[in-house]
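Here is the structure we will look at.
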Amino acid sequence: MKKLKIATMVTGHFTTPPPRGIIYAPMDIAVKVSEGLVKKGHKVDFYGPEGTKVKVTNIISAGLKALNQPEGEAITKGQNVGNAEVNKIFNLWDQYLIAKMFTEAEKGNYDLLHIHPPDRALPLALSHPKVPVFYTLHDPIYSWKTEVFSMFASPNQHYISISDAQRKPAPNLNYAATIYNGIDLGAFPFSGSHDDYLLFIGRLQPEKGLAEAVQIARMTGEKLLIIGPPVTGEYWDKKIAPYLGDKIQYLGFVPREELFKYYQRAKVTLAPIQWEEPFGLILTESMACGAPVIAFARGSVPEIVVEGKTGFIIKDNNLEAMASAVKKIDEIKRIDCRRHIEENFSVQRMIDRYEEVFLGIIS
């Protein structure tokens, strides 16, 4: 089997791992894929600002200062730097690393580039047609992205979707594969028993459905635990804060490595999402720990949750149906949730799929 030489990049803004309090799923996936491919004998150079720590072949910063470190912050907070300028700096920080990757690829030092922010790399990829480039799409493909991806399309650029649902707005892109995000099964151990509470984990924003989760708790009389980075504003003040108390509790931010404790003891995890989420890691993490999921039928949910076996999928944002599902959640066997994740959404399966796709196209 050919051993690949790969360069990969997620962000030039801040170090990998990210600063405490920042949840950035693309970075987690990029690290797992990169470290996993190295263990399989491939060479992976990880491009990131100074202070990046990943177990790969090489970490290449090219002298770039992280914008979350004092030297970098001094740039974004300097004189004549407004919001527009900050966005330009973010773009240029990414493009600096991407340009370095293309330069090395043109010298024959890489078989392929694996880039996670595609919009920053498109112009360089178009102007370097001999360099194979793979983009993992982590976000929804909004209409403007469809237009841009089509504008810069070239045969050397390949897209990896993280669910089939993600492809719907742009079905004609040059897709290499759908590869589901995998989780570390060791970091999310199984529990066959649970306590008596519902769980909500994620960004505390309208699209994640926190207000709907609160309504479900009130409708069923169940206890609800809420975990996520703190927020302020009208949404929180009007739709969440008034209902907090003994029954509905906000626990604040919990480090990722401690989340399993809450999944393990949850009766069920609620995901009443209000958007077409490309992939819900919360769903797979929960089921790995044995906690079934009740989610609205949006985005990738029907690809991740097995109706009636690992949870319940609720159509049409129907809160009454979700409340009814909570009452019959004991019909779900927790061990079935775990086995579903082991068979379909492990880190190792994800790494194997990336290797298979990369080798197939490069060959």
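The values are calculated or read from the model by the stated rules, or taken from the named source; none is laboratory data. Owing to the predicted nature of the structure, the values given are computational and were not obtained by experimental measurement. Virtual Cβ from ideal backbone geometry, glycine too; neighbours counted across all protein chains shown.
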- Could you say which residue among Asp164, Asp196, Asp119 is touching a helix residue (DSSP H, G or I) at 6+ places or on another chain (Cβ under 7 Å), surrounded by fewer than 21 Cβ atoms within 10 Å (Cβ to Cβ) and over 21 Å from Gly360 (Cα atoms)? Asp119
- Note on the structure: Taking first residues from the range 170-192 that are more than 27 Å from Tyr135 (Cα to Cα) and second residues anywhere that are buried (at least 20 other Cβ atoms within 10 Å of the Cβ) and hydroxyl-bearing (Ser, Thr, Tyr), the pairs with Cβ under 9 Å that are 6 or more apart or on different chains are Phe188/Tyr263; Phe188/Thr284; Phe188/Ser286; Ser191/Tyr263
- Item | Flag if Ile183 is out of contact with any Asp or Glu (no Cβ under 7 Å at 6 or more places or on another chain), closer than 30 Å to Tyr263 by Cα and of a type outside the set (Gly, Ala, Ser) | no
- List the number of the failed condition for Pro140; all other conditions in (1) in contact with a Ser or Thr (Cβ under 9 Å, 6 or more places away or on another chain); (2) farther than 21 Å from Gly12 by Cα; (3) of a type outside the set (Val, Ile, Thr) hold. (1)
- Item | the range 167-188: number of residues that are of a type outside the set (Val, Ile, Thr), outside any loop (DSSP other than H, G, I, E, B) and farther than 30 Å from Lys328 by Cα | 4
- Message: Being among the basic types (Lys, Arg), modelled with pLDDT of 95 or more and either touching a Pro at 6+ places or on another chain (Cβ under 7 Å) or under 21 Å from Asn318 (Cβ atoms) (or both) is true for just one of Lys267, Lys238, Lys261, Lys247. Which residue is that?
- Response: Lys267
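Can you say whether Glu104 is of a type in the set (Asp, Glu), touching a residue at least 60 places away in the same chain (Cβ under 8 Å) and either over 23 Å from Glu50 (Cα atoms) or not in a strand (DSSP E or B) (or both), as far as the supplied structure shows? Before the answer, list the steps.
Numbers: of a type in the set (Asp, Glu): yes; touching a residue at least 60 places away in the same chain (Cβ under 8 Å): yes; either over 23 Å from Glu50 (Cα atoms) or not in a strand (DSSP E or B) (or both): yes.
So Glu104 passes the test.
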- Query: For Ile341, which of the numbered conditions (1) within 30 Å of His42 (Cβ to Cβ); (2) out of contact with any strand residue (DSSP E or B) (no Cβ under 8 Å at 6 or more places or on another chain) fails to hold?
  - Reply: (2)
- Look at Gln79 and say whether it is modelled with pLDDT under 90, loosely packed, with under 13 Cβ neighbours inside 10 Å and among the polar types (S, T, N, Q). yes
- Consider Ala125 against the criteria (1) at pLDDT 95 or above; (2) more than 24 Å from Glu356 (Cβ to Cβ); (3) assigned to a helix (DSSP H, G or I): it satisfies all of them except one. Which criterion is unmet? (2)
- Message: Any residue in the range 215-227 that is surrounded by fewer than 16 Cβ atoms within 10 Å (Cβ to Cβ) sitting within a Cβ distance under 6 Å of a residue that is modelled with pLDDT of 95 or more? List the pairs, counting only those 6 or more apart or interchain.
- Response: Met219/Ala323
- Among residues of the range 1-24 being loosely packed, with under 14 Cβ neighbours inside 10 Å and of a type in the set (A, V, I, L, M, F, W, C), the residue nearest to Leu67 (Cα to Cα) is Ile22
- Task: Please find, among Ala170, Ala153, the residue that is surrounded by fewer than 19 Cβ atoms within 10 Å (Cβ to Cβ) and assigned by TED's automatic domain parsing to the domain that holds His128.
- Result: Ala153
- Qualifying positions in the range 131-166 - in contact (Cβ under 8 Å) with a residue 60 or more places away in the chain and part of a helix (DSSP H, G or I): Ala165, Gln166
- Item | Every pair of residues 6+ apart whose Cβ atoms lie under 7 Å, when the first sits in the range 279-301 and is assigned by TED's automatic domain parsing to the domain that holds Ser191 while the second is of a type in the set (Phe, Trp, Tyr) and in a helix (DSSP H, G or I) | Glu285/Tyr263; Ser286/Tyr263; Cys289/Phe260; Cys289/Tyr263; Ala291/Tyr263
